[in-house]
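Some notes on the structure that comes next.
The values are calculated or read from the model by the stated rules, or taken from the named source; none is laboratory data. Being a predicted model, the structure only gives us computed values, none of them experimental. Counting neighbours? That spans all protein chains shown, and the Cβs are built from the backbone with ideal geometry, glycine included. When the accessible area is computed, the model is the full protein with side chains, heavy atoms only, and any ligands, DNA or RNA have been set aside. Shrake-Rupley method; radii C 1.70, N 1.55, O 1.52, S 1.80 Å.
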Amino acid sequence: MPPAVEFRAVTRHFGPVKAVDSVDLTIAEGAFFAMLGPSGSGKTTCLRLISGFEQPSAGQIRIFGEDVSATPPHLRNVNTVFQDYALFPHLTVLDNVSYGLMVKGMGKTQRYAKAEEMLALVKLGSYGHRKPAQLSGGQRQRVALARALVNEPKVLLLDEPLGALDLKLREAMQDELKALQRRLGITFIFVTHDQSEALSMADSLAVFNQGKIAQIGTPAQIYTQPATRFVADFVGSSNVLPPTLTQALGGPAKWSSLRPESLRLAQTGPLTGTVQSQRYLGTGTRITLTAQGTELAAFLPAGQPIPPEGTQISLTFPPNALHIMDDTP
Amino acid sequence: MRSDAPLSLKLTAGAGLLFLHLPILLIFLYAFTSEERSFAFPPPGLTTKWFAVAWNRADIWPPLILSLQVAFLATILALILGTLISAAMSGAKFWGRDQLSLLIILPIALPGVITGIALRAAIPMLHLDFSALTIVLGHATFCIVIVYNNAVARFRRLSGGILEASADLGANAFQTFRHILMPNLGTALLAGGMLAFALSFDEVIVTTFTAGVGAASKTLPIWMLDELIRPRQRPVTNVVAMVVFATTFLPILGAYYLTRDGAETAGAGK
Amino acid sequence: MQTMKLMGTGLLALALATTPLLAQVTAVGDGEGELNIVAWPGYMERGESDPAYDWITKFETETGCKVNAKTAGTSDEMVTLMNQGGFDLVTASGDASLRLIAGKKVQEINTGLIPSWAKLDDRLKDGAWFTVDGKHYGVPYQWGPNVLMYNTDVFKEAPKSWSVVFEDGNLPDGKTNAGRVQAYAGPIYLADAALYLMAHKPDLGITNPYELTPPQYAAALDLLRGQRKLVSRYWSDAAVQTDDFKNEGIVASTSWPYQVNLLQGEKFPVASTVPEEGATGWSDTSMIATDAPHPNCAYKWLEHTLNSNLQSDLSSWFGSVPVVPAACSDKSGVQTAEGCKANGSETFDKIHFWTTPIADCKAGAGACVPYAQWVTDYMAVVGGN
Amino acid sequence: MTPASFPARGLADRLTTLFWRHPRILLVLLLTPPLLWLGVVYLGSLAALLLQSFYALDSFSGLIVPEFTLKTYAQLFTQSNLSIILRTLLMASAVTAASTIIAFPIAYYAARYAKGRLKAAFYLGVMLPLWSSYLVKVYAFKLILAKEGIVTWVATSTHTDWLLTAALSLPYVGGNSLATSYLGTFTVFCYVWLPYMILPMQAALERVPTTMLEAAADLGATARQTFWTVTMPLALPGIIAGSIFTFSLTLGDYIIPQIIGNSASYIGMAVYQLQGTAGNIPLAAAFAVVPILIMLVYLTLARKAGAFDAL
């Protein structure tokens, strides 16, 4: 069984700018895959390369083993949920959802039936006659989803799908999307700049930086074993330690990462410094200190005494918490 | 939230509008004057006979029909060309884009007399005779920008993704054009077309240069120019002006509502 | 590209096929259904201005030639219109006709095809303004003087001199003439100034107002520059002038009898006179364009223009003198012998007819200021310089 | 199991694929007809006209000598022709300035305060005069401004004729009557082109978000400061767009100064008369170069100011 999507040394230039720089990527069938990265890192371009709105300057893209280099978007069995939903303002919800079936030549009764079915699936069964302008943001999001899914695509692409929703709705939709993906078994690929969203939803994810993939792995791998300083910094606000400090802590002369939650207060410890600030986070308190010339953050779970600002403290950590990284940033 | 307008603003705005309309009221008044050849103020007497006279004047109808035909053809041409440019301009960046935007505006930004005299010099070089068709040629040239402006503004307002969304859902370029682009662009094109039509219908400067000889090239404004220069039954021109004024009322109102509603729908995709 | 070429060739062939040969017409065939004429305002009446004056409708019914008239306010405009082509006929004045002949824009007339030619006024038959090397290039239409029109409320008796429009001064009502007089916008009006100087500055030695040596010309221009201060608007259009007499307080101006008739017809207090200096005048000729698209209709029209009824009505309507003397007295139209006299039929020898100024004049080759110079300088004067 | 891609269903699909593979082809197809029209017919016409300006008129035969010369341009720089150009520029600038001032309250009221029906009424109020016959309007003004016309009649009946007399006795701009003075020409120009100024100005003002004005007020700006520091700079593109019309239209009009005014010539009139009456096409073409150059500079500056988006 070929992978759902495969990038082979794909490069995309915009003038002199390399938006995507020789990327190799394999996304397994049925995966819920996230592309994570700051804006301008190339993740959205990768998504548009899969849908066909961008064409690679070099390299090859395969969907289910099939080279789609010469296939325009409208002939790719791939659908997209756009960031701003891109609903057709002049069509009703029902016509929006059945649009893909209509242009493929399906009769009215049949396509409306399928569209109604899909609307029911996204819990918008009674909204078919409305115009997009009469819907709330969350409802439009579901219409966009239904409009894409009704075509039974091999791969569903989602571009910052939850970006425009408020926090509560976003959390509900995260669960719904996840459940929907499991139920349909379709490969979902979504793009986001929100690391917590990526970590909580995806089976596996790729972290993008400056047109390249910095790391691919499961959320746990990415979180606990960041491959580069960039990943450690971008995903979950790790402490990044320079080679000298790593060495002082007993590691090799390489960059390393240390999660704030693995640090513990101790009478004596390898790290000592003065508390500079503290921030109460509900489940605990985050304090910052400068130790051995490096600014560090530590997460102290609730129920512990919190040293006030200005106090000299020592910190310790379990031996396996110090994660050694590649030297590449 | 918005407070009421200051009195001084209301007064100046009102005075400005009055300035725009007093001469028009005068045109209406002199459609009823009993004087025939040249006007003097105040009118010596009032009569409604000029409406009947205008109706029966055989020489009004051919220019009126010609003007409608010319405006119609010029509008169609401008619609096609203006839409093509706006589609090209709203797509990818390409070399010469800025120069092209200048070129489109040129026929209306340069004085009509320049456009007129240039076409006057060029048309014989194309082995064309001056005729109603060359009037259409001239009018279409400066109507393009009217259509273009309306269309390009709508392209800009269209939530950019909907054309991509259509392709994504499996529509080819022609299906996207028919099902997505035209319904969303339609009202803007209609509004642009109406404005272009009205502009062509009243145009006199370029027309005097591109018109042929004889009755076959006599548009309504040219007829009016003749009538005004050589007055006989001058109130008849006022009657015609008044009727044209009254009949443009609805299309202009229509264009207003079309572009206004269009803005709302197009913005709603966001 | 190939198709473009083919189309071009096709158009060219079509153009050649429809262009009549330049040779003189030898017979008048059936009308072509249409006739395009460039004419002075008031020359082409179809009863729309006044139902009593209609000399087009009958012609149209008889010949099936539909007449389209394009009016021109100055001779220069007429020449330009004829240069642009597409017209069949022009009613050219003497300051345009020779230019048209020299520019080969009008064709020789076969007088044998115009039976009424014999009825023409003998003084006009071989007029130098349309006859070159014994060949006739047109058929006389009407002639008349450029009169001084004045408001009879202001002038209890006719002004004796053109000075009322040329010299700064007070009018009989005691008020200044500044802003109350008008001048003609055509460059040929320089001749009116020259005519005035001929009487008032004899030392300049002007003998012919159309043949001016540089010093004479400069004096005429100076006079016109002085006149600019008195004139608030020039007229090139008969209707504009009648409006200005009614609404702008204009009381004296050079004019055509046509405007005098129009205003008198509206009971407006004006009259006209030919002052002691004499007057310039026009003698207009109907000429056929070289590439006239409707030559048969054109010949039919030429014959029609010499019909006594048209000549009589036209002279009464326009205030001009018929070129067919019989039209004054044969009661074929509304004109009468007194009317002809009032329009200046006996002033023929006193009128300095419009003619195109050329550099080679009696004073010698290149001794006079040519017309192109008149145009430039007079435009500058009117433009305020 | 559905495939990863669908086969092309016909010509439309294949063409779409072609356009997708080579977007330039679509661009070329879209641009060819308008470029043929504007680039070849229109620019070609202008070029042909400009070429003529390098020819000269033979003063003897009155025919154009098709040989390169700068003689015609030398003629353009004679005193009388320069004064035509200067007069036209002054008039166009004055008309543009005055139109801006008169248009502003109308545009501002329509954009900021008018709503619903009132807004539609304002729109109609501006559009209708724009589309009612230009010629008939100009002739109506003849009647308004004539010595024995409406203005005089009103002035006499309200005993304000001293004001009119004072205006007419102003040096240079005054005259025998409004209809035969610069004041009259100026008034009619302002009247006829006013809607062309109001519409883009209103559009630009409407685009100024209310929140921005509120932000300015919130930051302590007075109404006057808000107006000059926020509203005006944001409305400027619209004003410039409107001024393109008022300036250019005044620059080229030849009908208004013929009907209302003191027979003083303007560029448009000069072009028309030289071409139509005098048959001096080279000089007419040289005259035409003046507004072309002025407008090209004007448009370039306007584009930099973002005025094209406001057109």
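Here the helices (runs of 4 or more DSSP H) wholly within the range D:56-152 that include at least 2 residues being within 14 Å of chain C (Cβ to nearest Cβ) are D:71-76, D:79-112, D:134-145.
For the range C:299-334, the set of residues classified as open to solvent by less than 10 Å² (accessible area, probe 1.4 Å) and in a loop (DSSP other than H, G, I, E, B) consists of C:LEU306, C:GLY319, C:SER320, C:VAL323, C:VAL324, listed by residue number. Residue count for the range B:122-146, restricted to those that are within 14 Å of the chain's Cα centre (by Cα) and among the hydroxyl-bearing types (Ser, Thr, Tyr): 1. Annotation: C:GLU266 fulfils all but one of (1) of a type in the set (D, E, K, R); (2) outside the structural domain of C:PHE166 (by TED's automatic domain parsing); (3) open to solvent by 20 Å² or more (accessible area, probe 1.4 Å); the unmet one is (2). Among the residues of the range A:284-307, the one identified as open to solvent by 70 Å² or more (accessible area, probe 1.4 Å) and at pLDDT 85 or above is A:GLU295. Filtering the range A:229-268 to residues that are of a type in the set (A, V, I, L, M, F, W, C) and surrounded by fewer than 20 Cβ atoms within 10 Å (Cβ to Cβ) leaves A:ALA248, A:LEU249, A:ALA253, A:LEU265, A:ALA266.
Yes or no, residue by residue, for (1) more than 19 Å from the chain's Cα centre (by Cα); (2) touching a residue at least 24 places away in the same chain (Cβ under 8 Å); (3) more than 10 Å from chain B (Cβ to nearest Cβ):
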| position | (1), (2), (3) |
| --- | --- |
| D:THR180 | yes, yes, yes |
| D:TRP193 | no, yes, yes |
| D:ALA223 | yes, no, no |
| D:PRO233 | yes, no, yes |
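The numbered conditions (1) in contact (Cβ under 8 Å) with a residue 40 or more places away in the chain; (2) away from chain D (no Cβ under 12 Å) are all true for C:GLU346 except (1). Taken across the range C:294-304, residues that are in contact with a helix residue (DSSP H, G or I) (Cβ under 9 Å, 6 or more places away or on another chain), modelled with pLDDT under 90 and within 22 Å of C:GLY127 (Cβ to Cβ) do not occur at all.
There is no residue in the range A:209-222 that is β-branched (Val, Ile, Thr), farther than 20 Å from A:VAL5 by Cβ and surrounded by 23 or more Cβ atoms within 10 Å (Cβ to Cβ).
Hey, can you tell me all the residues within the range B:160-195 that are crowded, with 24+ Cβ neighbours inside 10 Å, touching a Lys or Arg at 6+ places or on another chain (Cβ under 8 Å) and more than 9 Å from every other protein chain (Cβ to nearest Cβ)? Residue satisfying the conditions is B:ALA188 alone.
D:GLY306 satisfies every condition listed in (1) facing another protein chain (nearest Cβ under 8 Å); (2) open to solvent by 20 Å² or more (accessible area, probe 1.4 Å); (3) of a type in the set (Gly, Ala, Ser) except (1). A count restricted to the range C:359-372 and to residues that are buried (at least 18 other Cβ atoms within 10 Å of the Cβ) and touching a residue at least 60 places away in the same chain (Cβ under 8 Å) stands at 4. Exactly one residue out of B:ALA198, B:ALA215, B:ALA211, B:ALA255 is farther than 30 Å from D:PRO23 by Cβ, hydrophobic (A, V, I, L, M, F, W, C) and open to solvent by 30 Å² or more (accessible area, probe 1.4 Å), and it is B:ALA215.
Every listed requirement among (1) more than 22 Å from the chain's Cα centre (by Cα); (2) modelled with pLDDT of 85 or more; (3) not aliphatic (A, V, I, L, M) is met by D:PRO105 save one, (1).
The strands (runs of 3 or more DSSP E) falling completely within the range C:39-153 that include 1 or more residues that are closer than 30 Å to D:ILE64 by Cβ and open to solvent by 60 Å² or more (accessible area, probe 1.4 Å) map to C:66-71.
Inspection of the range B:237-245 identifies no residue that is within 14 Å of chain C (Cβ to nearest Cβ) and not in a helix (DSSP H, G or I).
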